[in-house]
1. As an exercise: evaluate residue 303 against (1) of a type outside the set (Lys, Arg); (2) under 20 Å from residue 248 (Cα atoms); (3) modelled with pLDDT under 95 and give the number of the one condition it does not meet.
2. How many residues are away from the ligand (no atom under 12 Å from the Cβ) and closer than 19 Å to residue 270 by Cβ if we restrict to the stretch 190-204?
3. Give the residue, chosen from 176, 170, that is touching a helix residue (DSSP H, G or I) at 6+ places or on another chain (Cβ under 7 Å) and surrounded by fewer than 17 Cβ atoms within 10 Å (Cβ to Cβ).
4. Checking residue 317 against (1) part of a helix (DSSP H, G or I); (2) in contact (Cβ under 8 Å) with a residue 24 or more places away in the chain, only one condition comes out false. Which one?
5. For the stretch 34-78, which positions are surrounded by fewer than 19 Cβ atoms within 10 Å (Cβ to Cβ), within 24 Å of the chain's Cα centre (by Cα) and of a type in the set (Phe, Trp, Tyr)?
6. Listed residues 241, 260; which is at pLDDT 95 or above and closer than 23 Å to residue 323 by Cα?
7. Is it the case that residue 308 is of a type in the set (Lys, Arg) and surrounded by fewer than 19 Cβ atoms within 10 Å (Cβ to Cβ)?
8. Please verify whether the stretch 39-57 includes one or more residues that are in contact (Cβ under 8 Å) with a residue 12 or more places away in the chain, more than 16 Å from the ligand (Cβ to nearest atom), of a type in the set (Val, Ile, Thr) and within 25 Å of residue 229 (Cα to Cα).
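The values are calculated or read from the model by the stated rules, or taken from the named source; none is laboratory data. Quick caveat: nothing in here was measured; it's all calculated off a predicted structure. All Cβ positions, glycine included, derive from the backbone under ideal geometry; neighbour counts span all protein chains shown.
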Amino acid sequence: MLKVVLALDCLIYLLCPTDAPAWGYQGHEVVGSIADKLLNSNARQQVGQILGEGFDLRVAGPWADCVKSVVRYDDGSFHYEVDPDHLEYEVPCTPFNSREERARIVDYAQRNWSTCSYAPDGHERGCHNTFHFDDIAVQRTRFDRSYLGGSDHDLVAAIGAAVAVLTDKPVPPPFPFSIRDKKEALLLIAHFIGDLHQPLHVGAVYLDANGRPVDPDTAHGIDPATDTIGGNAIQDENLSLHHEWDDIPTDIGEAATTELLAAARSLPASQGSISDWPAAWASDSILVSHRAFEGLTFRLIATLPANKWSVAFADHAGYLQAMDAIKRRQLAKGGARLAELLNAIWP
Ligand SMILES: [Zn+2]
C-alpha cells in the first residue's frame, strides 16, 4: 500500500514540480567564468573547439534557461518567443540569436518536451524544465534518487546524461534525455553544475497546513495542497524565497572575481570517480539547504490551484548575512567543480 501511495505522490509531484530559472543569469555567468579560468590547457582547447568561436563557459552558462523561451503551439509546432513582459530574460541569450543557434534551442526543447510530464500550472512546459532541479526534503542528509523530490529526469540525472555524451558513452536508460552532440552536452553541463549549487534547487521544505515541517519520505508523502514548489510558493514581500536565493550579490557582477577565484582554488578535490560526483555534490547542497530553511516560520495564505506561503524570520538581518556568504561560497564551488569535471574529462 505504501508503494501505491508513494507512486501516486510521485505522479502528483510530476504534475507540480518547481518552476524556476535557478541562479539569475549572472550567477550562471559567474560559475562559467570561474571555470573558464580554472581549466587545464587540454580542457580549455576542447571547450573552445566544441563551443566554437566567441563562446566560453561564461557565455554558455545561461543557455539552458534561454531554452525556456520555446513554446509549443496548439498545432504541435515549436517556436522561440520573446516574452514582452520579461525582456531581461533575453539579455544572456543574445549570443544565441543566430539562425543556427536559435534552431538548436528549438530543436533541443522539442526533443526533450514530452519525455515526461511537466505542467505545474496546468500549462505544459516541456520535460526539459525538470532537468534543472531536485526537491529533496530538508530532513535528508544526502542525495538519493529514490527520495521524493528526485526522479529519473532530475538535475543529477541530467548532469549524468551530459557527462555520458562528453565521454562518448551512451546515455544510460531509462533516463529520458535527448542530447544531440557534445556542444549541447557542454551547454547543459555549464548550466546544470550552477543549478546544482543553488541550495533551493536541490533541497526543499515540506509543510503541513499549519506550517509545520513534515517529512515526505514517511507515509505523509507530498501534499499538493501545501507544496512549497521548491520554495517558489513561499513569498517574502515581492519575491519568492526561491528567487531571493537565485539572485547573487550585486557587487560580484557577471564574471569571476578575485575573491571567488581564490575560494574556488582552495576547494578540496572531489573524491571517487566522475560518475559519483554529481550525487556527492547534490548531497553537499542538501546540507547547505538546511541553513536556508533555519529560523523560518511559514503560514499558508492560499492553496490550490496556486499555493502561497508567507515566511517570517527569527533574525532577518542574520539570515540575509548568512545567505550572502552562502551564495558566494556556492558560486565558488560551482565554478571549481565545473572546471574539475571538465579537467577530469580532458586531463
Ligand atoms: Zn536552471
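1. Result: residue 303 fails condition (2) only.
2. Total meeting the criteria: 1.
3. 170
4. If we test residue 317 against (1) part of a helix (DSSP H, G or I); (2) in contact (Cβ under 8 Å) with a residue 24 or more places away in the chain, just (2) comes out false.
5. Across the stretch 34-78, the qualifying residue is only 78.
6. Values: 241 fails: at pLDDT 95 or above.
Criteria check complete, one pass: 260.
7. It is true that residue 308 is of a type in the set (Lys, Arg) and surrounded by fewer than 19 Cβ atoms within 10 Å (Cβ to Cβ).
8. Looking through the stretch 39-57, none of the residues is in contact (Cβ under 8 Å) with a residue 12 or more places away in the chain, more than 16 Å from the ligand (Cβ to nearest atom), of a type in the set (Val, Ile, Thr) and within 25 Å of residue 229 (Cα to Cα).
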